[in-house]
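Input: a single structure, listed below in structure tokens.
Where a number appears in this text, it was derived from the coordinates with a stated rule and is not lab data. Fair warning: this is a prediction, and the values are worked out from it, not measured in the lab. No Cβ is skipped: glycine too gets one built from the backbone with ideal geometry, and neighbour counts run over all protein chains shown.
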Amino acid sequence: MTIKDIFETMDYGPAPESGAEAMAWLDGKGRKFGCFIGGSHTKPGALFGTANPAAGDLLAEITQASAGQVDAAVSAARKALPGWQKLGGHGRARVLYALARALQKHSRLFAVIETLDNGKPIREARDIDVPLAARHFYYHAGMAQLMEAELPGREAIGVCGQVIPWNFPLLMLSWKIAPALAMGNTVVLKPAEYTPLTALLFAEICTEAGVPPGVVNIVTGDGAVGEMIVTHEGVDKVAFTGSTAVGRRIREATAGTGKALSLELGGKSPYIVFDDADLDSAVEGLVDAIWFNGGQVCCAGSRLLVQESVAERFHEKLKARMAKLRVGDPMDKCVDVGAIVHPVQLESITRMVEANRAGEVYRAETAMPATGSFYPPTLITGLDPADTLMQEEIFGPVLCGTTFRTPAEAVQIANNTRYGLAATLWSENINLALDIAPKLVAGVVWVNGTNMFDAAAGFGGVRESGFGREGGWEGLAAYTKPSGKAKPLARIDALGGNGATAEGLDRTAKLYVGGKQARPDGGYSRGVHGKSGALLGQVPVANRKDLRNAVEAAQSAAGWAKSTGHLRAQILYYIAENLEARSVEFAERIDAMTGKRGGQDEVAASVRRLFTYAAWADKFDGQAHGVPIRGVALAMREPVGVIGALCADEAPLLGLVSVMGAAMAMGNRAVLVASEPFPLAATDFYQVLDTSDVPAGVVNILTGAHAELAPVLASHLDVDAVWSFSSSDLSGIIERKSAGNLKRTWVNHGRARDWTGEDARAFLEAATEVKTVWIPYGE
């Protein structure tokens, strides 16, 4: 093509990126790689190939790590841990800064190797992935420097096992390694088997940057190696980015082990275009939302929702833009859509689209390469929200669309998914945009933009898109824990009876469901006895149907989440007022049940705790993150939803109040299973709730066996989080059963808690999700 031809046709000429330096680096390694363990590269072992998906050429052979090598990597990380922590925040900051600088020094090499190994366009690797990776190390160098001053009472978790996907190999590495190292952890990381090369190059710059041996270890291989890391007894924390199916298996595999866990999983993100949107800008945004990285993005805007009145015009503009997309050699700087990462993934995309019989399929009329793993940009319109392609993640350059009539319908369709990772909305009406954003069930919402990321802003999902955040202050929670070591919690059994009957007129305790006292479905009750064996009263034994009713009542009280912090505070203060009015009665009841004399102190502590949560109800808010755009990224704290909790046995009133107060203060609804050995404090307490203006369904109280109710609560699909402070160690069963809908869990792993301590922030953090809303501004 001559210059004259270019000017006449306005076509892009080729602008190939040289791969010579990358090939020289591969050749210098003999195109065979071992693992990186304890600061050294091991000799290559059993090998598998990694290929260029655009051409099919073999790039290098990679070691399939053995169990012994995984053991060695974990041991090296454990050995390096004390020294890395002792280095202090400033010392770690210097190392992270050196890593950031080294990434910049070798940025072109990283970008080219990423493109060769992954198939993404060189423009994306060069202009997005590598700069963002460096940004994460710079940002977390600052976090390391500030840790001791700004995170008092927190310490590193320990050895972190990290498993990352193939769609953003270097960027996901930085998201995982940078915060872990900043907080004083050491890591064993496994890159995806399709794309291991930039991780192995990163191992080299760790040596260059002065990372102490064993602080960063990289083992390569397939899913079997990832499983070895996840299940290794020497790993204290697991961080995984990948598919929801694998994330569910990891939740089950780590259940009851005490390992900390964060999951960033799949998504089916809505891309909503309102009738007042700048349609041309929305089309350009959509190109980035679904054809960025060939649609192989967990937060890709793969569900297009267009307001009916502008749908035809928008689709015409979109098809015209699709016709101009350039698909081809990702090493060409003029290419928009590169290769699919592997023939296996290409086959998966093809199979899903060909199986679809709904809607109208449009494929971009663009030239396609004759060889390599490529798929044309595809638009499928006229789908129903329940169609398979609108519900299941395709993970390719395929956009599925439907229409809506009203903003309320847009929200309903957008939230009609088991995922909750990200969402995009386009509107020139800021009132509409800021009304819709909080209603979308997603961890990240972009207004008039898409795929905006920064180290200062948390990223992560809800529902089956996982839990935990990466980036920002909120992301540090995944790599720190409270300082010190908790004592073991011994099981507390109910006191036995001597056959004596209760004194006075019988008081029949009931369950408290939907603001009303309810008899148990099973019709069973059990006695509660004092230290002398005297019968103090009887409580109902709740079963799975009672729990179902309680969850339904909690779901029906969803309006509580929309109430103001001021209103919630007033009600919590009122509960405290009414509890104190009966303080003598509650203290005597606690003393009689436990056989101790701490009732008065526990009631007083409960009143103080209610005041604390009332105080926080309108103050525990979010942040405006300083991100490098002309705009803001708002970290908004939202209620988790329905929280089920097994309350502390050893603190029958204070344990219940601590859980209930935090949940209510943040706008959640609670299903509380009272202290199993000492439940009468809870059944007396619902009388306080009845006189304190608590809306029906906001608090529901059950009594019964924790071991029987825990698996039902954890597996219930309408429960959003489960907490357990029971003296029966039910942590394993709760975490395992929670995998059904990947609900959040907070369990004690058989460790005691000082209920008199003031750690309200821990409860408030657990009672909220952070949603990041990106709002660019300007013309």
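FRET efficiency for the Ile629 to Asp754 pair, using the beta carbon distance and R₀ = 30 Å, is estimated at 0.10.
Near Gly158, the amide H atoms lying under 5 Å from its own belong to Thr186; only residues 5 or more places off or on other chains count, and H is placed 1.01 Å from N. Here's the picture: charge each Lys and Arg Cβ at +1 and each Asp and Glu Cβ at -1 in region 270-460, and of Pro270, Ile394, Pro343 the one pushed furthest to the positive end of that dipole is Pro343.
Shape analysis of region 671-714 places it in the oblate category; the axes a ≥ b ≥ c from the Cα gyration tensor give an a/c of at least 1.5, with a/b not above b/c.
As a rough guide to protection, the peptides 208-221, 629-642, 91-104 ranked by mean Cβ packing within 10 Å, highest first, stand as 208-221, 91-104, 629-642. Computed on region 19-265, the Cα convex hull volume stands at 112 Å³ per residue.
For region 270-460, what's the relative contact order in percent, using C-alpha pairs closer than 8 Å and at least 6 residues apart?
Values: 338 pairs, mean separation 52.7, N = 191.
About 28 percent, as a whole number.
For the pair region 83-123 and region 340-383, the centres of their Cα atoms are 34 angstrom apart.
Of the options Trp473, Pro488, Gly537, report the single residue whose Cα projects farthest towards the positive end of the charge dipole of the chain (beta-carbon charges: Lys, Arg +1; Asp, Glu -1). Final value for the positive-end residue is Pro488. Straightening the chain between Thr350 and Lys485 buys 43.4 nm, computed as 0.36 nm per residue apart minus the Cα-Cα spacing. Over the chain, DSSP H runs of length four or greater, each weighted -39,500 (n - 2.57), average out per residue to a 222 nm ellipticity of -12000 deg cm²/dmol. The length gained on full extension between Ala323 and Asp384, counted as 0.36 nm times the residue separation minus their Cα-Cα distance, comes to 19.4 nm. So what are the ³J(HN,Hα) numbers for region 274-279, from phi and the Karplus equation (6.51, -1.76, 1.60; θ = phi - 60°), rounded to whole Hz, Gly and Pro as x? So the Karplus estimates, Gly and Pro as x, are 8, 5, 9, 6, 6, 5 Hz. Using every Cα-Cα pair within region 270-460, state what percent have a distance larger than 22 Å. Of all Cα-Cα distances in region 270-460, 44 percent exceed 22 Å. Once a ≥ b ≥ c are taken as the square roots of the eigenvalues of the Cα gyration tensor of the chain, is the result rounded (a/c under 1.5), prolate (a/b larger than b/c) or oblate (a/b not larger than b/c)? Prolate, since a/c reaches 1.5 and a/b exceeds b/c.
For the pair Lys4 and Cys334, a Förster radius of 22 Å applied to the C-beta separation gives a FRET efficiency near 0.75, rounded to the nearest 0.05. Computed from the Cα positions only, the extents of region 123-243 along the three principal axes stand at 41, 39, 28 Å, in decreasing order. Considering only the Cα atoms of region 278-359, their convex hull presents on average a projected area of 6.5 nm². For Lys562, the lysines whose Cα comes closer than 18 Å to its Cα, not counting residues fewer than 8 places off in the same chain, are Lys439, Lys619, Lys771. In this structure, the residue pairs whose Cα-Cα separation is over 30 Å, taken from Lys32/Lys259; Lys43/Lys481; Lys190/Lys268; Lys105/Lys268, are Lys32/Lys259; Lys43/Lys481; Lys105/Lys268. Shown is the FRET efficiency for Met368 and Lys105, computed with R0 = 51 Å from the Cβ-Cβ distance and rounded to the nearest 0.05: 0.85. The charge dipole of region 544-598, taken about the Cα centre with unit charges on the Cβ atoms of Lys, Arg (+1) and Asp, Glu (-1), comes to about 280 debye, rounded to the nearest 20. Calculate the dipole size of the chain relative to its Cα centre from +1 charges on Lys and Arg beta carbons and -1 charges on Asp and Glu beta carbons; express the result in debye to the nearest 20. Approximately 1700 debye in magnitude. Rounded to the nearest 10 degrees, the inclination of helix 311-322 to the longest alpha-carbon principal axis of the chain is 50 degrees. Helix 343-355 and the longest principal axis of the Cα set of the chain meet at an angle near 70°. For region 317-416, would you read off the P(r) tail past 24 Å as a percentage of all alpha carbon pairs? The proportion of pairs with Cα distances above 24 Å equals 30 percent. Across region 732-743, rounded Karplus estimates of 3J(HN,Hα) from the backbone phi angles (6.51 cos²θ - 1.76 cosθ + 1.60, θ = phi - 60°) give x, 5, 5, 5, 5, 6, 5, 5, x, 10, 6, 5 Hz, Gly and Pro being marked x.
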